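One structure below.
The values are calculated or read from the model by the stated rules, or taken from the named source; none is laboratory data. Predicted model, so just to flag it, every value in this text is computed and none were measured. Using ideal geometry, Cβ is built from the backbone for each residue, glycine included, and neighbour counts are taken over all protein chains shown. Just the protein is used for accessible areas: all its heavy atoms, side chains included, with ligands, DNA and RNA removed. Shrake-Rupley method; radii C 1.70, N 1.55, O 1.52, S 1.80 Å.
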Amino acid sequence: MIGVAARGEGPVRVGLLGCGTVGSAVVRLLDQGGATIERTSGHRLEVARILVRDTERPRPGVDPSLLTTDPSEVVDDPSISIVIEVMGGLDPTLGYLRSALGRGASVVTANKQLLARYGPELLAAAQQSGAELRFEASACAAIPVIKVLRESLLAADITAVTGIVNGTTNYILTEMSRAGLPYDVALSQAQELGYAEADPTEDVGGADAAAKMAILSSIAFHTRVHVDDVPFEGIDGLQAEDIALAGRLGFVVKLLGVARLAEGAVSVRVAPALVPAGHRLAAVGGPDNAVLLESRTTREIMLVGPGAGGDETASAVLADVISILGTHRGSFLHNALADSGRPIAAPGDVESAFYVRMSVADRPGVLARVASVFAEEGLSIRSVVQTGSGDEASLVLVLHAGAERRMAAALAAVGALDEVRGEPVMLRVLGSGEGG
Ligand SMILES: NC(=O)c1ccc[n+]([C@@H]2O[C@H](COP(=O)([O-])OP(=O)(O)OC[C@H]3O[C@@H](n4cnc5c(N)ncnc54)[C@H](OP(=O)(O)O)[C@@H]3O)[C@@H](O)[C@H]2O)c1
């Protein structure tokens, strides 16, 4: 491996192959997060050169002087120690990565089709030159599933990986099932919202999911699974009628990648499948991805999140770059000890929404008096329910977000009202305030 500059010894020079949706997000996130990366990893990253097809195209936030159409300026420059491949395709991409790894540069790639075909060859090339090859973004974008399989669950003896690994098809199926849309209408909607490409064949036909499952099962089962080993069907032949009938029978239809280890053999398949409505994968809707990892020791672990998007994918790419930087002795400690100097918020200043229940005397004007006490503290009521009557009356309020200290003051004042009996009960409401 080309020596990544030791901490504090000058910048680590990074070259990009491609500057489209993902590449431009990598440049932007590096710009925004460079200081944090330097503080936690001890390394300053510098984008040295970026390969594109068209250097004249405007790319907001990208310094045009870094652009080149000459691949050797990225692939063969000995001062570049990490090459980020976000151009996609098999040819000429494979040749570029062979060259970069061959000279000892580490490579981070988001290219699932390339890895599902040439992963073993590229990994061997990396091993031979002592470089690193990382590919977190190639499956499920921002969800750190490869790192979890490779590191956190390495000793867990994984027996099954079941995934919703294509966001386009999950969005289409969610809409077909939720709104009863026919396939074509749901696909057009996905295209309008940017969840599906103009040519959606690879997604809806299942080839994209097959490549991702080949990568995930290779890592999970320490086996070389080629994309051609993965039989796949897509959702393009699905009929709205079957989705509706499955719903009536208590199932949700999902495009599932299912990889299993049974009797020592690995099986991987991608196909639409009926998932029981109460199963945790059934709840994963819209363009989200999810991967359920099963093992005898850890039972079931599910990871859910965005499976595509420029920033989301770039975040996984940068995580790989940081892992490469951080493979020095003591790097975890350095990372964990880093202090940004951020203050800790005073608990009373933290905002939340609230639920309050109190026993009250059932008299006219009680609600108005209670409401005015909360209003004095700047807390407004979102909803009210009154239960019971006479001595058994209770007033239940849900309040919009406000500071904890204001709620504490309001509760003390409300508790002191003649009409309020005993201590009011207060609970926080998730998701409606800053603190939740
Ligand atoms: N977008 C996502 O949400 C997502 C999610 C996960 C993984 N990925 C993977 O990430 C990779 C990049 O995706 P993307 O969406 O960023 O693609 P994109 O927007 O099409 O960008 C591709 C970039 O590569 C450059 N490029 C393509 N072929 C080239 C060639 N032969 N020579 C020089 N430059 C070339 C293009 O140059 P020009 O700009 O000059 O055309 C462009 O900058 C793909 O492997 C994709 O599968 C993407």
Extreme residue, surrounded by the most Cβ atoms within 10 Å (Cβ to Cβ), among residues of segment 104-121 that are free of Cβ contacts under 8 Å to residues at least 60 places away in the same chain and within 11 Å of the ligand (Cβ to nearest atom): 109
Cross-chain or 6+ apart pairs with Cβ under 9 Å, segment 11-32 first and free of Cβ contacts under 8 Å to residues at least 60 places away in the same chain, then of a type in the set (D, E, K, R) and within 8 Å of the ligand (Cβ to nearest atom): 27/59
Helices (runs of 4 or more DSSP H) completely within segment 129-208 that count 3 or more residues being open to solvent by 30 Å² or more (accessible area, probe 1.4 Å) and out of contact with any Gly (no Cβ under 7 Å at 6 or more places or on another chain): 183-192
Tally of residues being in contact with an Asp or Glu (Cβ under 9 Å, 6 or more places away or on another chain) and within 11 Å of the ligand (Cβ to nearest atom) across segment 88-103: 2
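Within segment 270-300, take every residue that is over 21 Å from residue 174 (Cα atoms) and of a type outside the set (Ser, Thr, Tyr) and give me the one that is least open to solvent (accessible area, probe 1.4 Å).
Within segment 270-300, the first condition is being over 21 Å from residue 174 (Cα atoms), and the residues that meet it are 293-300.
Pick out the ones that are also of a type outside the set (Ser, Thr, Tyr) and you get 293-294, 296, 299-300.
Numbers: 293: 2, 294: 56, 296: 176, 299: 177, 300: 84 Å².
Restricting to residues being over 21 Å from residue 174 (Cα atoms) and of a type outside the set (Ser, Thr, Tyr), the top hit is 293.
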Filter result for the condition that a residue is at pLDDT 95 or above, farther than 27 Å from residue 109 by Cβ and in a loop (DSSP other than H, G, I, E, B), over 278, 234: 278
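Condition check ((1) touching a Lys or Arg at 6+ places or on another chain (Cβ under 9 Å); (2) within 13 Å of the ligand (Cβ to nearest atom)) across all residues:
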{"site": "43", "(1), (2)": "yes, no"}
{"site": "49", "(1), (2)": "yes, yes"}
{"site": "56", "(1), (2)": "no, yes"}
{"site": "59", "(1), (2)": "no, yes"}
{"site": "64", "(1), (2)": "no, yes"}
{"site": "78", "(1), (2)": "yes, no"}
{"site": "82", "(1), (2)": "yes, no"}
Condition broken by residue 331, with the remaining ones in (1) within 16 Å of the ligand (Cβ to nearest atom); (2) modelled with pLDDT under 95 satisfied: (1)
From 399, 367, residue being part of a helix (DSSP H, G or I) and of a type in the set (A, V, I, L, M): 367
Residues (open to solvent by 50 Å² or more (accessible area, probe 1.4 Å) and among the small types (Gly, Ala, Ser)) located in segment 320-345: 336, 340, 341, 345
Residue match in segment 22-33 (condition: surrounded by fewer than 18 Cβ atoms within 10 Å (Cβ to Cβ), over 28 Å from the mean Cα position of the chain (by Cα) and closer than 30 Å to residue 334 by Cβ): no
Scan of segment 372-397 for residues that are aliphatic (A, V, I, L, M), out of contact with any Leu (no Cβ under 7 Å at 6 or more places or on another chain) and open to solvent by 30 Å² or more (accessible area, probe 1.4 Å), ordered by number: 375, 385
